[in-house]
Structure formats: structure tokens, C-alpha cells
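Student: The structure's right below; bear with me while I get my questions together.
The values are calculated or read from the model by the stated rules, or taken from the named source; none is laboratory data. Please read all numbers here as calculations on a predicted model, not as lab measurements. Here the Cβ positions follow ideal geometry from the backbone for every residue, glycine too, while neighbour counts run over all protein chains shown.
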Amino acid sequence: MPASKRHPETSLTPRRAATRDRLIDAAHEVFAERGFHGASVEDLCERAGFTRGAFYSNFSSKDDLVLEISQRYSERLLAGVAQVAARDDLTPAEVVQAVLTAWTSDRRERRLWWLLQTEFTLHAVRDSAAGRSWAKQQAGVRTSLARLVEETAARRGLTLPVSADDFARAAMALAAAGTGQHLLEPRSQPDGALAARVLRVLLGAQAG
């Protein structure tokens, strides 16, 4: 993957930030409709109402754009997890359920993200450069989630049956797999239900 041309948020002018936002919004829709490989840079620019020059002044490639989408999506999810985890009025099981409910509350966004995440993961497995970038970013998300899990468990006096990193890996994998099953079987498999059941089993009697 070409070197990233991302700019720190603090260095972006309001106009440039708005351009990036419109490109990202357009990418969500076009990638969902045509797939990561099926959507060209021209398709993204046409949907957003910009030229190729505007695209490449903000992103070095489609890979770079997906990484930015993932970063924003993950930051929102982690902020929601932190907010729920800080609530001492909830039992551990209720925290798990509240987190998964927050993750899956916006069904349209969740569907769009699942489609893109799944296809980009396949791309990253086949393309070594994309794979390194994707693995690095996902590791960062997992580390942040594991830190929240560890801090929450310590504050509540819980003993996890696995490491915080493994718990975070399990939560992320189950959430993604559960969404896929929900999209195929929406009536029999509510989004987040599978992850909630398995994570409660992991917590065991401590789940409350």
C-alpha cells in the first residue's frame, strides 16, 4: 500500500476536514453497493462531488481511506465502551449487554461497516502491505479495548478466566461473526446475541 498521506486532525482546515468527511461518507455507500474492489476512486469522487485531485490530496489510496474509516469507527465504539464500563450500577453481564447493544444500535452503519471490514480483511490477507497496515490498526483497537477490560475488571474485583487481550480478541471476533449471522438470519439471530451469550459464559458466576 502506498505511504499514507494522512494529516493530523489539528492541522486540517475546516474546508479540508469537510472534504474528508464527504469522501468518507461517500465511501461507506459506494463500498457497500459495489464492494471494495468493485468501487473505483472515480466512483467515490463522483458520489462525493469531488475530483481525483481532491481524493489524492487527502488519501494515498483506497486502502488508506478504509484505514481512516476504520479508525473513526473504532474510536466511536471505544468511547461508547468506556462510557458503559464506567457505570458501577450495572452488573458485569449488564455491562457486556449494554456494550453490545451500543455496538449494534445503528443497524445501517453496522451493516455497512461489516461488509467493508469483511471484504477489506480478505484483501489484507492477500496483499502483504495492506495486511501489515490492517493488522497494526486492529492491534491498536484490541489493545485499547483490552486496557478498558483490564481496568474495569480491576475496579470491580473480577478475575478474568483469560487474559484481557484474549477477552478483547474474543469480543471483537464474536461481534463480527454474530453480525454476519444476523445479516443472513435476521429473525433467528439478533445482532449481538451470540457475543453476549459467549462472553457471559467466559465471565461465569462473576457475570451477576
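Student: Test residue 152 against the stated conditions and say whether it is buried (at least 18 other Cβ atoms within 10 Å of the Cβ), more than 25 Å from residue 62 (Cβ to Cβ) and more than 18 Å from the chain's Cα centre (by Cα).
Tutor: Spelling it out, residue 152 is indeed buried (at least 18 other Cβ atoms within 10 Å of the Cβ), more than 25 Å from residue 62 (Cβ to Cβ) and more than 18 Å from the chain's Cα centre (by Cα).
Student: Could you go through region 161-172 and let me know if any residue there is part of a helix (DSSP H, G or I), buried (at least 17 other Cβ atoms within 10 Å of the Cβ) and without any contact (Cβ under 8 Å) to a residue 12 or more places away in the chain.
Tutor: Scanning region 161-172, I find no residue that is part of a helix (DSSP H, G or I), buried (at least 17 other Cβ atoms within 10 Å of the Cβ) and without any contact (Cβ under 8 Å) to a residue 12 or more places away in the chain, so the answer is no.
Student: List pairs: first residue in region 32-54 and over 20 Å from residue 119 (Cα atoms), second residue aromatic (Phe, Trp, Tyr) and assigned to a helix (DSSP H, G or I) anywhere in the structure, Cβ distance under 9 angstrom, at least six positions apart or on different chains.
Tutor: What qualifies is 45/55; 48/55.
Student: Give the residue, chosen from 121, 101, that is at pLDDT 95 or above, under 30 Å from residue 203 (Cα atoms), out of contact with any strand residue (DSSP E or B) (no Cβ under 9 Å at 6 or more places or on another chain) and assigned to a helix (DSSP H, G or I).
Tutor: Answer to the check: 121.
Student: What do you reckon, is residue 128 touching a residue at least 60 places away in the same chain (Cβ under 8 Å) and polar (S, T, N, Q)?
Tutor: no
Student: Are any residues in region 30-74 polar (S, T, N, Q) and within 22 Å of residue 125 (Cα to Cα), and if so, which ones?
Tutor: The answer is 40, 60, 61, 70, 71, 74.
Student: Name, by its number, the condition in (1) in a helix (DSSP H, G or I); (2) outside the structural domain of residue 134 (by TED's automatic domain parsing) that does not hold for residue 77.
Tutor: Here residue 77 clears every test but (2).
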